[in-house]
Amino acid sequence: MVKVKIEGCGSRWYIGDFIAKAGYDSDLPFEWLESIRFSLKNFLPLCLYIDEYSTNVWILSDEDTFVIDDRDWLKHSQHDFEYHHRVFKIERLDFIHTILPQLEEFIPHLARWDYDPDRTFTPQKAKSREEELHKLFEECRKLLEESLNRRRVPGDEIKLDEHWKICKF
Amino acid sequence: MQIELSEPKNGWIEFQIGDFIVGGSDLEDLPINWLKSIRFSLQNRLPLCLKLNSGSFQFWILSDETTIIVENRKTEHRIFNIGKKNLIQKLIPEMKKYLDGWIFWNFNSEDLTPEQIEDRSNRLRDLIQDCEDILER
């Protein structure tokens, strides 16, 4: 399976040999979790966006995972650059199963994700964001568990423990 | 840029973007899936992802500042110079054009009760309305 790793509070994101640096220009924690919840709830492809400040990365995960970027823009002019895409052999549910527990470890940092340009970030605001993130994670975990069970044969029920590993019963 | 959806017929649809035409089958509930994805993308201001499935061929349409189509069998992708909002503004009227066809997209007309037909019709209309409301804001 392709290695997917998130370092620090999501500042560096690895999938295989691809590294993305996530900037603070978008509220990545909520955007990602809401996209994951939507994808799991509706059995639809997952699309995640990473704002790298001057360049952009899109992750599209379904039967494989595609990573698309416009980094060529840095080398060429705005009108003469190419988008690149790579394909990683990791299916949507496995991909989500890999990244969610890693993201959850960083909740306190993600709650303070510094996207807010008006700098009115109070400890109360951080606390309420942390609570909302916990709720979203719990919802995603449940949906992921249901989805993983749906793709397995009946009777082969699985549960995710607190570390999001698969525990068979 | 030309954006067109053919009339849904016999579980098959053709989507045209520019000079590129791609087909999709009723293996998936395309109208509901596409409208849900469009609504989610508009509501959350996130990139749009649509899927066309024709069995062994699968296409994913990713639209943000530009529109990119990737295919499961190819290593190359196609780029179209149309942003997400413009794409949606052209797609919604196309979806409205053949609403009756979408109601029976992956169902035989005789398999659905009048109540089920009405439910599905209302569901599609509601989703379209939601998308149009957000677009107008």
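Among the residues of region A:11-47, those identified as facing another protein chain (nearest Cβ under 8 Å) and polar (S, T, N, Q) are A:35, A:42.
The lone criterion from (1) within 11 Å of chain A (Cβ to nearest Cβ); (2) at pLDDT 95 or above left unmet by residue B:38 is number (1).
When each of A:59, A:68, A:50 is tested for being within 7 Å of another protein chain (Cβ to nearest Cβ) and of a type outside the set (Gly, Ala, Ser), the lone residue that passes is A:68.
Of all the residues in region A:43-76, those that are free of Cβ contacts under 8 Å to residues at least 24 places away in the same chain, surrounded by fewer than 15 Cβ atoms within 10 Å (Cβ to Cβ) and farther than 16 Å from residue B:79 by Cβ number 3. The listed residues are B:87, B:91, B:62, and the only one of them that is at the interface with chain A (Cβ under 10 Å from one of its Cβ atoms) and crowded, with 21+ Cβ neighbours inside 10 Å turns out to be B:62. None of B:25, B:6, B:41, B:63 is under 14 Å from the mean Cα position of the chain (by Cα) and under 23 Å from residue A:73 (Cα atoms) except B:63. Of the residues making up region B:69-88, those that are closer than 18 Å to residue A:85 by Cα and in contact (Cβ under 8 Å) with a residue 12 or more places away in the chain are B:69, B:71, B:72, B:73, B:78, B:79, B:80, B:81. Of the set (1) in contact with a helix residue (DSSP H, G or I) (Cβ under 9 Å, 6 or more places away or on another chain); (2) farther than 30 Å from residue A:27 by Cα; (3) facing chain A (nearest Cβ under 10 Å), all apply to residue B:76 but (1).
The values are calculated or read from the model by the stated rules, or taken from the named source; none is laboratory data. These numbers were taken from a predicted model, which means no experiment stands behind them. Ideal geometry is used to build each Cβ from the backbone, glycine not excepted, and the neighbour counts take in all protein chains shown.
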